[in-house]
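Following: one structure in structure tokens, then a few remarks.
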Amino acid sequence: MIRILGTLLFLSLLLWSYKACGQTLYLSSIGSSEKETTSIDSLGYQTNFDDFASLDSEVKRLGKNLSNLGYIETELLNFTKLNDSSYQATFSLKIKYESIIIDHKNLVDLSILKLSGFLDKNNELIVPIIEVESTLQSINSEIANRGNPFSYLKLVDIEKAGHKLLRGSLSVSEPTSRTIDKFILKGYEKFPKSFINRYLKIKTGQTFSLEKIKEKTEAFNDLVFANKIKDPEVLFTKDSTILYMYIEKATSNTFDGFLGFGTNEATDKIEFDGYLDLNLINNLNYGESLRLLYKSDENEQQTFDLKLGAPYLFSSPMGLEVNLNIFRRDSSFVTVTQAAKINYQINSKNVVSIGLNTVNSTDLLDISTSQISDYKSNQYLASYTYTKRQNYDFLFPINFLFDLSTGFGYRSYDAVDEPQSNFSLNTFKIFNLNAKNSIYGRISSNYLLSDTYLENELPRFGGINSIRGFEENSLIANLFAVLNTEYRYKLNNSIYVHSVIDAAYFKNQILNQKEKLFGFGFGFGFLSKAGLFRFNYTSGKTENQKFRLTDSKIHLSLTTRF
């Protein structure tokens with residue numbers, strides 16, 4: 001009998017304990033006046049709790065929120081248990097302060113404090129009470145970005161300064177700035193180190209700022225031979241800061257060629273022309289580039305062009321570019337051009353250059369003429385190039401290019417030195433209307449300024465890379481300007497179609513000729529495993545000439561990356 005009574009007593013205690021533990025607790029909060037109670041209710045605090053610890057935390061949180069709202073003298077007068085499940089907290093809010101004058105004592109740079117928007121013309125920082133916490137957080141973030149990642153701010157010595165006005169002092173902990181002690185490359189360890197220092201402008205000993213480092217590493221996206229895998233990371237130790245950058249080597253070599261054919265007006269026979277264009281980039285992991293171009297067209301013209309670029313020589317901010325160009329026109333003449341330029345890369349998009357250009361042209365005709373003759377020239381060069389890439393687009397990786405160059409010097413002809421100037425512009429822009437539609441516009445021009453002219457020194461244009469619908473390099477002029485336009489429509493990420501509407505104006509002072517030219521047609525391109533294949537069908541005409549299908553040109557090209 002005693003055992004049964006003991007068992008029943010144990011079960012009763014267990015049931016009572018279960019009910020007690022599962023009981024919901026309720027909280028009500030009031031102020032010392034009806035107005036204060038209304039202010040407390042406006043904060044929207046929690047009223048239902050599963051245990052007393054959560055309820056007690058909510059009372060403390062409510063007091064902190066009242067203080068942040070400006071009731072910094074808030075006092076918890078009573079915390080009463082009304083019954084088994086209900087509690088009541090009584091607060092005295094007193095005065096609601098509106099603003100606080102923060103004495104910064106020049107502990108923080110004024111340029112940082114100005115970002116808060118609360119620094120007046122007398123450099124006094126007056127912050128609304130409800131904005132204090134967020135303002136201190138934003139100032140602290142900017143301090144961290146400028147090299148103090150472990151610093152934090154707090155207000156001390158807070159006191160009354162007037163009606164609803166407080167005054168406090170700013171305290172900054174850990175004022176010592178951090179510097180980058182070492183950087184480690186992950187993914188592409190052989191990435192040229194000179195590009196870290198000169199191109200990204202990240203160096204050891206530099207004041208650490210994670211925000212600025214993220215901005216600088218975005219320049220990886222402007223490189224042809226490397227891509228950023230993810231944002232940089234930082235390892236902080238007691239006495240060092242190590243920066244990790246994650247990059248990968250990109251396929252950047254290209255082989256480009258095209259085959260063109262059309263009907264010769266004189267013979268009515270189909271003639272072929274074409275070119276090979278090889279670009280090798282960063283194969284030695286120095287960021288170097290080599291371009292080899294060979295072109296032969298239906299006018300019995302051959303072009304050989306070799307260009308070598310070496311950036312950041314000996315880890316200096318200067319790069320070197322040398323160029324050899326040989327142009328031969330049937331048995332009329334051959335011209336050899338040599339150029340050398342020193343480049344300075346301002347940033348990932350802007351490059352300025354200065355250099356020297358020499359030209360030696362030889363007359364191959366047995367009978368001398370006044371239009372073709374031997375000559376030599378020397379010019380000093382200056383150029384500026386801006387490039388904006390969109391590497392996410394495999395079909396059109398460059399969105400905007402602006403290349404302006406000029407040369408000043410002398411040309412020697414028949415033992416007479418004659419001053420000459422040369423100006424050239426090549427610029428294009430892709431206007432992306434949406435994901436599928438875009439408009440491409442390009443302007444290319446050249447102006448040779450001289451007292452007299454020789455035929456074998458005049459710039460040449462026409463063809464697939466100039467005004468389309470005309471034979472390659474069939475047009476010569478001392479002044480020309482070409483406008484190329486295309487409306488492009490992407491069927492998908494690898495196939496597009498486009499229109500061709502070109503216009504040009506040129507002036508040949510030797511022949512006293514001025515002409516307007518037009519080219520119309522269409523084309524398409526598609527990206528395959530072999531590369532980017534392009535097809536263009538165009539027809540050209542002069543201002544007073546009608547279109548003739550027999551003058552149409554078909555150009556095929558294939559650009560392969562490897």
- Message: For a quick check of your reading of the model, give me the residue pairs whose first member lies in the stretch 536-550 and is in the same structural domain as R468 (by TED's automatic domain parsing), whose second is among the hydrophobic types (A, V, I, L, M, F, W, C) and at pLDDT below 80, with beta-carbon atoms closer than 8 Å and at least 6 apart or on different chains.
- Response: S539/F547; S539/L549; K541/F547
- Query: In this structure, does I398 turn out to be surrounded by fewer than 15 Cβ atoms within 10 Å (Cβ to Cβ), within 30 Å of S316 (Cβ to Cβ) and within 41 Å of the chain's Cα centre (by Cα)?
  - Reply: no
- Message: For the stretch 461-488, give me the residue count where each residue is over 20 Å from I554 (Cα atoms) and not in a loop (DSSP other than H, G, I, E, B).
- Response: 4
- Query: Only one of I510, I476 is touching a residue at least 60 places away in the same chain (Cβ under 8 Å) and closer than 24 Å to N378 by Cβ; which?
  - Reply: I510
- Any residue in the stretch 499-508 that is over 30 Å from G409 (Cα atoms), polar (S, T, N, Q) and touching a Lys or Arg at 6+ places or on another chain (Cβ under 9 Å)? yes
- Within the bounds of the stretch 213-228, is there any residue that is at pLDDT 85 or above, more than 16 Å from Y199 (Cα to Cα) and among the aliphatic types (A, V, I, L, M)? no
- Task: Kindly provide the set of residues from the stretch 83-122 that are without any contact (Cβ under 8 Å) to a residue 12 or more places away in the chain, surrounded by fewer than 19 Cβ atoms within 10 Å (Cβ to Cβ) and hydrophobic (A, V, I, L, M, F, W, C), ordered by number.
- Result: none
- Query: Has the stretch 539-561 got at least one residue that is modelled with pLDDT of 95 or more, among the charged types (D, E, K, R) and either part of a strand (DSSP E or B) or surrounded by 18 or more Cβ atoms within 10 Å (Cβ to Cβ) (or both)?
  - Reply: no
- Item | Selected residue (criterion: nearest to the chain's Cα centre (by Cα)) from residues of the stretch 190-209 that are surrounded by fewer than 17 Cβ atoms within 10 Å (Cβ to Cβ) and of a type in the set (K, R) | K201
- Only residues that are in contact with a helix residue (DSSP H, G or I) (Cβ under 9 Å, 6 or more places away or on another chain), part of a helix (DSSP H, G or I) and among the aliphatic types (A, V, I, L, M): list them for the stretch 58-79, please. L62, L66
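The values are calculated or read from the model by the stated rules, or taken from the named source; none is laboratory data. Nothing here was measured: the structure is a model prediction, and the numbers come from that model. Cβ atoms come from the backbone with ideal geometry, glycine included; neighbour counts cover every protein chain shown.
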